[in-house]
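First the structure, in the form of structure tokens, and then the observations on it.
What follows is calculated from the coordinates using simple rules that are stated; it is not laboratory data. This one's a predicted model, so the numbers in the text were calculated from it and none came from an experiment. Here the Cβ positions follow ideal geometry from the backbone for every residue, glycine too, while neighbour counts run over all protein chains shown.
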Amino acid sequence: MAKNGFKNTLQILIILIFNSFFAQQKLATKKTANVGTDEVSTKDSLKSQKEELEGTVKCKALNMSNDIPKKMTFLQKNAEIQYMDMTIEADYISINWETGDIYARGEIDKNGKIIKPAASVQAGQKYEYNEVKFNFKTRKAIAYNARTEEQEGVIVAQKTKKVNDSVFYMRNGLYTTDDYFIKKKDTVSDYYLLAQNIKLVKGRKSSKVITGPIQMYVERVPTPLVLPFAILPFSSKRSAGLLIPSFGERIDVGFFLNNLGYYQPIGDHFDLKVYTDFYTKGSWNIRPELSYRNRYKYSGSFSADIGNTVRGIKGLSDYSKSRTYRIAWTHTQDSKANPFFNFSASVDIVSSKFYNNTINNNYIFNQNVLNTQQNSSISVTKRFLNLPITVTGSASYSQNFATGETNIRLPQLNVAVNQFYLFNPKSGVREGLLQNINVNTSLNFNNYVNTNQNEVFTKRMWDKMQTGVQIPLSISTNTTVFKYFTFSLGVNMQNVLTTKTLQKSYNPILNVVENTYNKGLAGYSTFSTSASLQTVLYGQKNFRKGASIQAVRHMITPSVGFSYTPDFGNAGWGYYKNFYDASGAQSLYSIFDGTVFGSPSRGLSESISFNINNNLEMKVRSRKDSLGVKKIKIFENLNISGSYNFAAPKFKWSVFSISTQSSFFKNKLNINTSLSLDPYKIVYHPGSDVGERLEQFGHFSIQNFNVQMSFPLNNELFTGDEKKDYAKLYKKKGAVMGEAYYFDDDGYAHFSQPWSLNVNSTYSYTRSLSRFGSKVATVGIDGSIALTPYWNITGSTNYDFIHKELAYTRLGFSRNQRSFTINFNWVPFGRYKVYDFYIGIKANILKDAVKYQDRSFPQTSNDF
């Protein structure tokens, strides 16, 4: 068994038999023992004994008697013995001082059946049994129907024999994790594991149980799950062991063993699991998983997934073979471990076609197969107590499955200087432009390369690597003018140093434009200035009393700004050069194109911009609200923006942007829209679907329109804030897997039935200069519903209105079956059509050992 497995399932024998009657052995050696308020004389029978008790023995019962000639003591009805930290409770206890025999029994009815077991409590743990025979001289004992709770389960043995302190034999012993049976809500467990012969070998640090044939019973019906023998190691510490696999057959991969593995603890902070999958048609997979944890400091895990997938029969058209790999690492530092230093990692690197070829269904059900991009990052952050800077070192890896591009930034270094003010007023209150001048700056060092996966960490990748340093600097200030306006000024500067520059040239032989990167230090500096003025306007319209609409409130936040950016494409700066293209015409390009921080902007900008932000609310009458009114947000945000560039040779107006954000039904329904309007006329020539923009202002045309709606629904939205208290509404309650049901006078069942349904819809229209544009219209639904307290259904789907087809769809069914859990996940159609069925024990100590799993595999692309 892996990890802790079972604890000592027969620990009851050590404590119940040995400890429970150890006091009785020494009871016979004391001249007198305190029995309630009376004393029992032992002077004649135990005169030769010299041992003494370590503590006081207290006994009580409704009926107590002594047979002096037979040297017997009898305790009847609510009998109890207390000795040190041990207590024995039984209906009847007898002690034979001469032979050393002790007998304890539970309460019986008129037919002689045990109706209340005897019990013992040792160190706060309770043990139960029907009857026990113990000899304090030989230290041997026999217990009948002994019962003890260990970890998540309970052990009941028909007959237990103690040979010595280390060896015990059990007859007809069963083990179950049925919570109803453990808590005595039911007299019969829904399942158990039964072994006719069991031997327990007890050690100082660990124990083990050796059984003969062991079989699983479900609802007292024997199942074919039989093992010829079992060796179960028990230890309070983590222990190594095999991880039991599941098995089955698939048409495309053959017979298989899944999740056959081994668990190995490493020290106090590490756990290692190694899983393997084997398939008769040649597929295999190996998955090592290493987890680590240092409490209050950090935790993390490392895993890999390396395999070879073979589908079909070799020589036939459906045969395919592909290799896959996945490497993942996560590391999280406790926020309290070190406030001045933090290290984190989130690494997930896969082969380009991994999700298409893996035979692990989990990647389909958790929708990883829909990923188009995979990102990884590692970062180290250092803060200082006496320095106003923060240093962050990082590395990132991004791969695009659609294009095959891989972006790597290794390493990156950022030294951020905390914002500071140039002038500190003596009064502590900043006033005016001068006192509000603040500075933000940092230093960024970056190594960046854009390549493909086949070139990663090869010489070609290093040749493409771009290296650079960037020092951004921004200075800004603001003040209040004319009492109601906020005036702001700002300057932004950027200094960049790179190790490569671009040279473009036309190759007439190959008829292509060649890009050549020349090594050598080069740099550029850019700057821009801005000024803005902003205020807030309020307007409110009140209506007559008694009207449904009490008031409408409109808040407008207008702002106007001016910005200036020089034309860094001018030849005087030296950032741009010309080359002759295929037609012989000169083309302008920047020598910093494709470098790590990009190229400086081109074109003179002297722009005035405007932005109008609106918030519109309405007060309406409401009987449910204590104030008699409630607020309804019509527009949380309605934003209109645009700009005019005085320096532009033509098309001085920018595209106008309008966006809205609204929520309704207590913020349940969220609607976001965006609209882009081109103010210039666009004409389409005959035979061409690409338009031409003319300098004719006033012909507004839609360039982009997007609507996104999300509506999370649940049962509480329709039943109100108050939940039904079924215990007060109905008197009768179900029992044994029916506790969640309440019954009315007519016998109809009532129960809480939570459900949720999230509706997401998107519509977008993109036109630009295209005659017809493109549309996207989808509706997505995901939700769950509890059909009964023990049946739950989950699902998600997405419908594409443009292509008129369902996209990724998933259904899930789960059933809580007392000790078992049943799950069925299904993707009914599409590229990743698959199902997965699982039934197994819920208890952690058996969930990997007692289970059944059946799967199908998707028919996916064979490309690697």
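Summary of values
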| read-out | value |
| --- | --- |
| Inter-centroid distance (Cα atoms) of the range 383-397 relative to the range 555-630, Å | 30 |
| Derived scalar couplings ³J(HN,Hα) [the range 672-687; Karplus, 6.51 cos²θ - 1.76 cosθ + 1.60; whole Hz; x for Gly, Pro] | 10, 10, 9, 9, 10, 10, 8, x, 9, 6, 10, 10, 10, 7, x, x |
| Where only C-alpha atoms are counted, convex hull volume of the range 447-504 per residue in Å³ | 156 |
| Lys652 long-range amide H proximity, modeled H, under 5 Å | none |
| Theoretical FRET efficiency, 1/(1+(r/R0)^6), r = Cβ-Cβ of Arg831 and Gln453, R0 22 Å, to 0.05 | 0.50 |
| Label-reachable residues, the range 738-781, where backbone N falls under 14 Å from a point 7 Å from Tyr684's Cα toward its Cβ | 766-775 |
| Residue-span extension gain [Gln158 to Asp782] - 0.36 nm each, minus C-alpha spacing | 219.5 nm |
| Set of lysines near Lys775 by C-alpha distance (under 27 Å), chain-local residues within fewer than 8 positions excluded | Lys668, Lys681, Lys804 |
| Label-point gap, in nm, between Leu811 and Tyr644 - each point 7 angstrom along Cα→Cβ | 6.1 |
| Sites Asn823 and Ala230, calculated FRET efficiency, Cβ-Cβ separation with R0 22 Å, nearest 0.05 | 0.25 |
| Loop sites in the range 96-156: trypsin sites (Lys or Arg not before Pro), DSSP, at most 12 other Cβ within 10 Å | Lys110, Lys113, Lys137 |
| Where the Cα pairs of the range 133-270 fall when distances are cut into 5 Å bins, in % | 2, 8, 13, 17, 18, 15, 12, 7, 4, 2, 1, 0, 0, 0 |
| Proximal charge balance of Leu694 [Cβ under 12 Å; K/R count +1, D/E count -1] | 0 |
| In nm, spacing of pseudo-spin labels at Asp800 and Arg771 (7 Å Cα→C-beta vector) | 2.5 |
| Charge dipole (debye, nearest 20) of the chain; +1 at Cβ of Lys and Arg, -1 at Cβ of Asp and Glu | 1380 |
| Gain in span if fully extended, Glu431 to Leu694, counting 0.36 nm per residue against the direct Cα distance | 89.8 nm |
| Whichever lysines have a C-alpha closer than 19 Å to that of Lys666, once near sequence neighbours (fewer than 8 apart) are set aside | Lys619, Lys624, Lys630, Lys631, Lys633, Lys723 |
| Quotient of Cα Rg and 2.2 N^0.38 Å for the range 60-206, N being how many residues it contains | 1.11 |
| Alpha-carbon radius of gyration plus Dmax, which is the widest Cα pair, for the chain in Å | 39.5, 130 |
| Whole-angstrom gap from the range 247-320 to the range 483-536, using each part's C-alpha centre | 49 |
| Relative counts (whole %) of C-alpha pair distances in the range 656-807, using bins that are 10 Å wide | 9, 23, 22, 17, 12, 8, 5, 3, 0 |
| Fraction in percent of alpha-carbon pairs per bin - 10 Å, the range 762-864 | 13, 28, 27, 18, 9, 4, 1 |
| Separation in nanometres of the label points that stand 7 Å from Cα toward Cβ, at Ser206 and Asn706 | 5.9 |
| Calculated [θ] (222 nm, deg cm²/dmol) that DSSP helices of n ≥ 4 give over the chain, each run adding -39,500 (n - 2.57) | -1000 deg cm²/dmol |
| 19 Å reach of a label modelled at Tyr506, 7 Å along Cα-to-Cβ, counting backbone N of the range 541-581 | 577-581 |
